[in-house]
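First comes the structure, then the notes that go with it.
All of the numbers you see were taken from the coordinates with simple rules; none came from a lab. These numbers come from a predicted model, not from an experiment. Cβ: placed from backbone, ideal geometry, glycine included. Neighbour counts: every protein chain shown.
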Amino acid sequence: MTGYTGKSIRIDLSEGVWDIFETPPELCEKFIGGRGFGVALIREHITKPFDSEEMPIIFASGPLVGTSAPTSGRLSVVSRSPLTSTVFDSSVGGRFATELKRAGFDMLIVSGLSGEWVTIDIQDNNISIKDARPLHGRNVEETATILGDDGSTAIIGRAGERGVRFASIVFDGHYVAGRGGLGAVMGAKRLKAIKIRGTGEVKVADPVALKKAREEIMRLLRASPAVFGEFGLSEFGTAALVDLIHARRMEPTENFRKSVFPQSGQYSGYSMKTAYHTRKKGCRGCPILCKKVGRAGEIMPEFETVSHFGALNGNSDLHSIVEANRLCNDYGLDTITAASTIACYSEFSGRRLSPEELLRHVVLIGERQGIGDALSEGSRRFAESEGVPELSMTVKGLELPAYDPRGAYGMALAYVTSNRGGCHLRAYPISYEILRKPVAVDRFSFEGKARMVKISEDINTVIDSLTACKFVFFAASLEEYAKAVNAVTAREYDVQSLVRAGERTWLLERHLNTLNGFSRKDDNLPERFFREAGYSDGNVTIPPIRRKDFDDALDRYYRIRGYDKEGRVTEEDERTD
Amino acid sequence: MTKKGELQRKMKELIDKYTDKLVSQGLASGSEILFLAIDEEIYSNTHSDLQFISLQALKEVFGLMNINSLLFAVPEEPRRSIIRALLRHGLSELPDYRAIVPEDCETRTFFHDIPVIASPEPQKIAHILSERKSAVVETGTAIVSYGTISPEQAFISYSSACFSTFVKYFHDHLMYLETCKKNDLKPDRERIDGFDRIKAFLYPQQAGLEDTGSLHPLLQGPPEDEDKVYSMMVEAGKRLVTERLVDSFFGNISCSFNGKIYISETAASLDELEGCIDAVPVDGSSSVGITSSSEFATHRAIYRSTPFRFILHGHPKFSVIMSMHCLKECPLRGECYKACPEKRYVCGVPVVPGEVGTGPTGMVRTVPKAFMESDAAIVYGHGIFTAGGEDFNRPFQRMKKIEENCEKEYFRIVDGLIQEISAC
């Protein structure tokens, strides 16, 4: 079986034991890898609390990891979210997945609760659980320095140790498995870090065919303005989107009270590049190199981070945004939720925070001190505890990213249908509503969006299962990746069979959420978006979304998906097997 | 109107829009098009004379594929005869996979090849479209394509298949005659007759076109304000399409004005540029141009190194075909589109290699250099750039004239080869 090592590791931290088991071939065929693996394997545990002994956290690679297929070195981390209580996967770059495969494993599954703080150390077949008490209380950067840079690391900072519900896991110093609080799942297990090194090779069934598929993908990438264009991701990172989203007047501002921030040019991709003299960096084997690093080694924030520590908090100070990003990475905090929760607090308290106050609140959250303790629960729990739930800009408890749903109706629908809560990446309708790929569609209409969102969700799910990067799909498609995965695995996937694997995983996620009580009531946007306009001038108007149009689109989506009227997928639905 | 009725109307509008485009661009006749789209239910055009495929059979494809739209149509002549000829002489065949491999650079980049299936059973269509964006169906000589997001994708894939088969057929035929001449071979009578029939389809169409000089002039420049720039670009884009100097959404257009480059957005149909033009600061201080044409860098490089202020980029077919006509023995044969080291000219216009975009072999590295000596350049197997200083009139006339010259030159060479071969 090429493309897979055929072996995975299961570690029980309660007992301090591990075993190596065969990666089920049927799992590979049906769920491909990455997100699909994790979702399929968490099925029997999903109703347990995130911090229970039985709840696993799964680190899963994909069949293309360790091969020359472009942008395919990613990893999926899957568990139940402390923030949303949904099944939760996070796709992350860096070297971890490659080292895992080279060590000879497709997956690492960690369950149980350790009595003391530990690290897991894997060097090829040598697996050990080590005392991490000397690391306890240290943030990511310091811990990474101690662990050394040979191989790859996955680390939680103090936020994860202290159970911040949106704590992240930081890989190789600055690649983040963020959003849903999987760092807090590691923290609950008292698992401070994982270090992994592998020396093996990943076998490819047909290297010539893989080379051809790679060449096709690379030609498409080079032809893509969004990726390799003058203003694309390779040049400016995801911050390239700041100017565009501003121009489309859908820039979440002051906790989504407005949708344009006049000063956003001060933290645009161009401004960052000019101020910090950035250079390119990226995941192993990636030609895009979307990560930007300043001359002094500063990690430049992603689009979502600059926009939310910027416009969402009414802050135009670039240096404070870069510093907020550094603090979040060091504490191991999700930047979107941290910034959005602070913006919620800011609206609640009735005053805009200064750049210095913003930074102080990030630290307070990471330390769970003062007001930071309440904010570390995320904006939904905070707003509910204060009696103002309407101030939390979340779906299923997950803070919305930096695309105002009033400015792109497919995005509005996709926020609510997302299985992990308010996430832009599940369907990413921005691709066609704003970036014009593969073709442009009317962003202010729900017509046709139900099926568009459904298809995009299935495609993006299998992309996460292949553990490929979504950015490459601004240029290439599953047509080219089917060739790559077939060359690696000697299987015979085509676009539709891959999409069906994505659909299978999606429906299973929905079913797991149904088991935990999620239904139509959770598929909703904050009321603000139905009542308040975002922006208006002579050229562009961002009106409130018409509730009836939104509800009709959601009804259509349910019928197209085959959900019941309450949006549920039942145990009997064979499409999840 | 009910919500369902409104949705049905919008879907129908989209289908009608792209059906009309197929007809107006000479890609299919209205009675030989089946266009279907689905949201919750399937919608389709209702009038079709196609006897060998039923609407019901195509509806079944939606049950087999996760798609939004499906287009099945028989290309208008001469494209139908061209595809028939390629099925006889132009197929790349593997044991279980037959395909037409395009020769032009852009179609190869985005579509790789166009597979062929014998007959239009739903299972076969779904299977082949799971591997490629469009396919040729031998029964009825049809093309089938699909969209995942919008019917526009199905239209684009169909249109690209028509363009690339046209270019491939005429280029293949020219190279066939050259091979016959070189090897003292008598050409296959059937191929020669077939070519004459296709040529006969072509010329009535050409005869109907006005001369360049008699066309209504485009808006005069230079523009006094931004509004004029937009108007000039919208008009010029439409003209490129109506004069068939560009197919579907390929091609782009720009103007340099007051410190900004106004350029058509990526994937914009040139005949629908209203609201699809990016205004990009020349100094790079805004990345709003992330949605601009993939050739933005080439346009900017031309503006930086020349006095030109207006650029058109189209894909006229005979210019593309003639750019690939080269008989030189060369170790780089097969990589001409990106690595041709020769200084070549077609009809006096420089021909340069270059791939789409900004990569190491991208046309941004070759086209601007050609503009140091000319107001036009042909990119090998791809298309033409033309430029002007005052408005779009000069670049448009130049592109049209170059295409006319290339077409004449093509048939002059073909006629000469046939005479030479016949005399042997």
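Considering only DSSP states other than H, G, I, E and B, which GluC sites (Glu not before Pro) in segment A:401-509 qualify as loop sites with at most 10 other Cβ atoms within 10 Å? Don't skip to the answer; put the middle values down first.
Working: sites: A:433, A:447, A:457, A:479, A:480, A:492, A:503, A:509; in loops: A:447, A:492.
Of the GluC sites (Glu not before Pro), the ones in loops of segment A:401-509 whose Cβ has at most 10 other Cβ atoms within 10 Å are A:492.
Just to confirm a number: summing +1 for Lys and Arg and -1 for Asp and Glu over residues other than residue A:365 whose beta-carbon lies under 12 angstrom from that of residue A:365, what do you get?
Result for the local shell: +1.
Quote the charge dipole size of the protein assembly as shown about the Cα centre in Debye, to the nearest 20; the model charges only the Cβ of Lys and Arg (+1) and of Asp and Glu (-1).
Dipole about the Cα centre, nearest 20: 940 debye.
In nm, give the distance between the simple-model label positions of residue A:445 and residue B:188, each being 7 Å from the Cα along the Cα-to-Cβ direction.
About 4.7 nm separates the two model spin labels.
Find the centroid of the Cα atoms in segment B:20-76 and in segment A:525-577, then give the distance between the two in whole Å.
Centre-to-centre (Cα) distance: 29 Å.
For a Förster distance of 30 Å, can you work out the FRET efficiency between the beta-carbons of residue A:570 and residue A:30, rounded to the nearest 0.05?
0.95
Taking the Cβ of each residue in B:379, B:351 as the centre, tally the other Cβ atoms inside 10 Å and list the residues starting with the fewest.
B:351, B:379
Mind checking which of B:348, B:149, B:62 is farthest towards the positive end of chain B's charge dipole, using Cβ charges of +1 (Lys, Arg) and -1 (Asp, Glu) about the Cα centre?
The one lying farthest along the dipole's positive direction is B:348.
Short version: ³J(HN,Hα) in whole Hz for each residue of segment A:216-226, in order, from phi by Karplus 6.51 cos²θ - 1.76 cosθ + 1.60 (θ = phi - 60°), x for Gly and Pro, what are they?
4, 5, 5, 4, 5, 4, 5, 8, 9, x, 6
Quick check on segment A:37-138: take the gyration tensor over C-alpha atoms, sort the square-rooted eigenvalues as a ≥ b ≥ c, and tell me if it's rounded (a/c under 1.5), prolate or oblate.
Verdict is oblate for segment A:37-138.
Shielding by partners for A:445-453, please: the mean number of other protein chain Cβ atoms within 10 Å of each residue's Cβ.
Counting Cβ atoms of other protein chains within 10 Å of each residue's Cβ and averaging gives 5.
Filter the trypsin sites (Lys or Arg not before Pro) in segment A:249-341 down to the DSSP loop ones having no more than 10 other Cβ atoms within 10 Å, then list what survives.
Loop-located and lightly packed - A:295.
What is the sum of charges, Lys and Arg at +1 and Asp and Glu at -1, for the other residues whose Cβ falls under 13 Å from the Cβ of residue B:377? Write down the numbers at each step before the final one.
Details: positive: B:343, B:344, B:365, B:369, B:398; negative: B:295, B:373, B:375.
Its environment carries a net charge of +2.
Is there a quick way to get the dipole size of segment B:212-410? I mean about its Cα centre, with the Cβ of Lys and Arg at +1 and of Asp and Glu at -1; what is the value in debye to the nearest 20?
Taking the Cα centre of segment B:212-410 as origin, the dipole is about 740 debye.
Under the Karplus relation 6.51 cos²θ - 1.76 cosθ + 1.60, θ = phi - 60°, what is the ordered set of whole-Hz ³J(HN,Hα) values for segment A:53-68, x standing for Gly and Pro?
Along segment A:53-68, the couplings run 4, 6, 5, x, 10, 10, 10, 10, 8, x, x, 8, 4, x, 10, 8 Hz.
Which of the listed residues, A:506, A:112, A:81, is farthest toward the dipole's positive end in chain A, when Lys, Arg count +1 and Asp, Glu count -1 at the beta-carbon?
Farthest towards the positive end: A:506.
For a quick check of your reading of the filter: which GluC sites (Glu not before Pro) in segment A:1-68 sit in a DSSP loop and have no more than 12 other Cβ atoms within 10 Å?
Listed in order of number, the matching sites are A:15.
What does the average come to when, for each residue of peptide B:57-69, you count the partner chain Cβ atoms lying within 10 Å of its Cβ?
Other-chain Cβ atoms within 10 Å of each residue's Cβ, averaged: 2.
Which net charge results when you count Lys and Arg as +1 and Asp and Glu as -1 among the other residues whose beta-carbon is under 15 Å from that of residue B:118?
Here the count lands on 0.
Using alpha carbons only, how many angstrom separate the centre of segment B:331-375 from the centre of segment B:251-321?
19
Near the amide H of residue B:344, under 5 Å away, which other amide H atoms are found, from residues 5 or more places off or on another chain, if H is placed in the peptide plane?
Result for residue B:344 returns B:351.
Once R0 is set to 51 Å, what does the formula 1/(1 + (r/R0)^6) return for the Cβ-Cβ distance between residue B:77 and residue A:386, expressed as a FRET efficiency to the nearest 0.05?
0.10
Which ordering of A:18, A:506 is given by a fewest-first count of other beta-carbon atoms within 10 Å?
On the way: A:18 18, A:506 26.
Result, fewest neighbours first: A:18, A:506.
Rounded, prolate or oblate: pick one for chain A, where a ≥ b ≥ c are the square roots of the eigenvalues of its C-alpha gyration tensor, a/c under 1.5 means rounded, and failing that, prolate if a/b is larger than b/c, else oblate.
rounded
Taking 0.36 nm per intervening residue step and subtracting the Cα-Cα distance, what contour gain separates residue B:330 from residue B:423 on full extension?
Full-extension gain reported as 30.6 nm.
Of B:336, B:162, how do they rank once you tally other Cβ atoms within 10 Å and put the fewest first?
Listed from fewest to most nearby Cβ atoms, that is B:336, B:162.
Mind checking A:234-244 for the average number of partner chain beta-carbons within 10 Å of each residue's beta-carbon?
For this peptide, the per-residue mean of nearby foreign Cβ atoms is 3.
Can you give the FRET efficiency for residue B:305 and residue A:295, using 1/(1 + (r/R0)^6), R0 = 30 Å, r = Cβ-Cβ distance, to the nearest 0.05? Display every interim value, and only then the final one.
Numbers: r = 30 Å, r/R0 = 1.01.
Efficiency, from the Cβ-Cβ distance: 0.50.
Pull out the extension gain between residue B:97 and residue B:272, defined as 0.36 nm times the separation in residues minus the alpha carbon to alpha carbon distance; nm, one decimal.
59.3 nm is the gain from fully extending residue B:97 to residue B:272.
Which far-off residues, 5 or more places away or on another chain, put their amide H under 5 Å from the one on residue B:257, with H placed in the peptide plane?
Here the answer is B:262, since their amide H atoms fall under 5 Å of that of residue B:257.
So which of A:7/A:449; A:292/B:260; A:30/A:130; A:211/B:124; A:189/A:258 end up more than 32 Å apart by C-alpha?
Beyond 32 Å between Cα atoms: A:7/A:449; A:30/A:130; A:189/A:258.
How high is the relative contact order of chain A? Use alpha-carbon pairs under 8 Å, at least six apart in sequence, and give a whole percent.
Reported relative contact order: 16 percent.
Looking only at segment A:363-393, which residues have a backbone nitrogen under 15 Å from a spot 7 Å from the Cα of residue A:257 in the C-beta direction?
In segment A:363-393, the label zone of residue A:257 (backbone N under 15 Å from the point 7 Å along Cα→Cβ) covers A:390-393.
Name the shape class, rounded, prolate or oblate, that the alpha-carbon gyration tensor gives for chain B, where a ≥ b ≥ c are the square roots of its eigenvalues, rounded holds for a/c under 1.5, and otherwise prolate holds if a/b is larger than b/c and oblate otherwise.
Oblate, since a/c reaches 1.5 and b/c is not below a/b.
Just report the Cα centroid separation between segment B:167-188 and segment A:409-429, whole Å.
Distance between centres, Cα-based: 55 Å.
Using +1 at the Cβ of each Lys and Arg and -1 at the Cβ of each Asp and Glu in chain B, identify which of B:26, B:273, B:128 lies farthest towards the dipole's positive end.
Of the options given, the answer is B:128.
Using θ = phi - 60° and the Karplus curve 6.51 cos²θ - 1.76 cosθ + 1.60, what whole-Hz ³J(HN,Hα) does each residue of segment A:250-260 get, with Gly and Pro shown as x?
Result, ordered by residue: 9, 9, x, 10, 6, 6, 6, 6, 9, 10, 8 Hz.
Highest first, please rank the peptides B:267-273, B:299-305, B:281-287 by the mean number of other Cβ atoms sitting within 10 Å of their residues.
Result, highest mean Cβ count within 10 Å first: B:267-273, B:299-305, B:281-287.
Taking the simple approach of a point 7 Å from Cα along Cα-to-Cβ for both residue A:357 and residue B:64, what is their distance in nm?
6.4
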